[in-house]
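The values are calculated or read from the model by the stated rules, or taken from the named source; none is laboratory data. A quick note: this is a predicted structure, and the numbers were derived from the prediction, not measured. Here Cβ is always computed from backbone atoms with ideal geometry, including for glycine, and neighbour counts include all displayed protein chains. Note: accessible area is taken over every heavy atom of the protein model, side chains too, but ligands, DNA and RNA are not part of it. Shrake-Rupley method; radii C 1.70, N 1.55, O 1.52, S 1.80 Å.
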Amino acid sequence: MWKFIHKLASPPHFYRFSAKIIPWFAGVGSILVIYGTYAGLFLAPSDYQQGDAFRIIYVHVPAAYLSMMAYSIMAVSAAIGLIWRIKLSHAVAAAAAPLGAWFTFLALVTGSVWGKPMWGTWWEWGDPRLTSELLMLFLYIGYMALRAAIDDTVKADKASAVLALVGAVNVPIIHFSVEWWSSLHQGPTIIREGGPAMPVEMLYPLLAMILGFTFIFGALLLGRVRTEVLFRERRARWVRELVLTGAGPG
Amino acid sequence: MNGMFAMGGYGAYVWSCFGITLIVLVICVVQGRVRHNRTLKDISARLRAMETKS
Amino acid sequence: MTEPDHISPGLARGFCAVIRRDIVLAWKRPGDVVNPLFFFAMVSSLFPLAIGPGADELALTGPGVVWVAALLAALLSLNSLFLSDFEDGSLDQLLLSPQPLPLLALGKALAHWLISGLPLVVVSPLVAISFQMPAQTINVMLITLTFGTLSLSLLGSIGAALTVGLHRGAALLSLLILPLAMPILIFGARTVALAAADDAVSAGIYFLAAYCMLALTFAPFATAAALRISNE
């Protein structure tokens, strides 16, 4: 097992291995998402409180979950890269940030579209989760801005890793403070998404969507890590052989 | 059939959410592809320039 | 500083030397100290002009305005925290010194607070009075601003260390630090607002104190790591 991980961390092996598993991730993810979309939109009964508007959670919850997930992946791989100086993990951190930002954006947009029929406004500052997501998006933007401002890849990796770790310490504090802040004033009552009382016909599509989105996210992440690896290793012999034999984009 | 897509009056909200999700996913896929191909092209251009020089 | 004696005296001396040097430099260039204060006063006076002179509105927006202005003023001065040292080469001396870098980074952050944070806290009652804040609110505001500006100096020193030597570092610094500073802003401004409404304020003050301790413990290490990376 350890040997396998060690081998995987070597760039050429990762490059070849990831090419094989990306289609599987994408395939399994797509099947799950297609099932979840169909079941969520047409098979699941409508919510007694929210009517059919609750169906938005089938895209909102996976997006919100992945926006947090991407940040953890980013911070953990940044830490690994900083401590053990593994180049591949810096590539993972660099690849996770734009994807995380996209999913955060998606969570924000779907959350606000869900809020329109529920609260009557597109944006409700009283909702702690929407506000947290917005701050999350700012964190991603800061991270990517720092990365873009530093030309040297090695330096950009390390500097942005420090920022990611400082951000990771701050994320729970930010969530806590936003929760506290919104609990102070009596906003519109927030309807719980899901909860334990969710019937099975509603829950299974949601689980399928979360799992499917995770697989698709994995495929997208691996694809971006491949690009990062290729760029970082552009002077290596294996990349030259790969490019000159015309293996093409794989 | 019509009722199914109307979503009890919430159709516009529900469908726009699923639509924007699809758009974001497509953007992610296309962006990844474009970057990968551009990186490959840059590397091969650099290698070719080096070979003609040497 | 209360460094224990059995550690080599060099630690305390280096730490104090960093602080003393920055204060002397600030003394010779008073503009660096005064400009953020003027900025703070001007931003806070923008709001009454923009919103209107009504006493009720001012009392309602006062805490938020003071805190936003303080945050922006702190950001304005943070940009130059390591910049002049970077340009005249004394940052390299700092990195090469035998003292542990986190300690020196802590010294830099504390010096920054003494130069820009403390004067801001001292001036803030003037702004508060112009916003018709009652006396007990001003006390709470002074406490929260003290903890808040100290945390901002420490947090900002990480950002300043990360962006030192980069083009357009000032705008980048704001992008990096503002989202991280949100908890300070939220607790600071809301606690002052709670005090204005005669509510319990201890929760917010405890939080800010805890955040400040957390920043005092961890920020110097992050700043030191960032300084080493930026100057490789």
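Computed quantities for the displayed model
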read-out	value
Calculated FRET value between residue A:17 and residue C:167, using beta carbons and R₀ = 35 Å, to 0.05	0.35
Accessible-area composition of chain A, carbon plus sulfur, in percent [1.4 Å probe]	69
Convex hull volume per residue in cubic angstrom - Cα atoms of the stretch B:2-53	58
Interface area, A with C, accessible, probe 1.4 Å, both sides summed, Å² nearest 100	2300
Surface share of carbon and sulfur [accessible, 1.4 angstrom probe, percent] for the stretch B:2-53	65
Charge-dipole axis of the stretch A:1-156 as Lys and Arg at +1 and Asp and Glu at -1 on Cβ define it, positive-most pick from A:54, A:89, A:111	A:89
Accessible area buried at the A-B interface, both sides summed, 1.4 Å probe (Å², nearest 100)	3200
Whole-angstrom gap from the stretch A:72-103 to the stretch A:1-62, using each part's C-alpha centre	20
Two-decimal Rg to Rh for the stretch C:10-230 - Kirkwood Rh, Cα set	0.99
Mean accessible surface per residue for the stretch B:2-53, computed with a 1.4 Å probe while every protein chain stays in place, in Å²	63
Virtual spin-label span in nm between residue B:23 and residue A:123, 7 Å along Cα→Cβ	1.8
In Å², nearest 10: area of residue A:7 left accessible to a 1.4 Å probe	120
Accessible area expressed per residue, chain A, with surrounding protein chains retained (probe 1.4 Å, Å²)	46
Accessible surface of residue A:71 - all protein chains present, 1.4 Å probe, nearest 10 Å²	10
For the stretch C:127-197 versus the stretch C:54-103, the gap between their alpha-carbon centres in whole angstrom	10
Straight-distance crosslink candidates among lysines, where the alpha carbon sits under 24 Å from residue C:28 and sequence neighbours closer than 8 are dropped	C:108
Solvent-accessible ranking of C:29, A:85, largest area first, probe 1.4 Å	A:85, C:29
DSSP H segments from chain A that extend 30 Å or more along their own axis, Cα-based, with Kyte-Doolittle mean of 0.5 or above	A:11-38, A:57-84, A:87-119, A:128-149, A:153-184, A:200-232
Residue-level accessible surface for residue C:217, protein heavy atoms, 1.4 Å, Å²	80
Accessible surface of the stretch C:62-179 [probe 1.4 Å, protein heavy atoms]: carbon and sulfur percent	70
Shielded by partner chains, the stretch A:50-77 residues - at least 30 Å² of accessible area, 1.4 Å probe, vs chain alone	A:52, A:56, A:59
Lysine pairs within chain A, Cα separation less than 17 Å, 8 or more sequence positions apart or different chains	4
Residues along the stretch C:172-205 losing 20 Å² or more of accessible surface when the other protein chains are present rather than the chain by itself (probe 1.4 Å)	C:172, C:175, C:176, C:179, C:180, C:182, C:183, C:186, C:187, C:190, C:194
With Cα atoms, 0 to 90° folded angle of helix C:202-230 axis to chain C main axis	30
Computed helical MRE - 222 nm, chain C, DSSP H runs ≥ 4 contributing -39500 (n - 2.57), nearest 500	-28000 deg cm²/dmol
Solvent-accessible area per residue for chain C (1.4 angstrom probe, square angstrom)	45
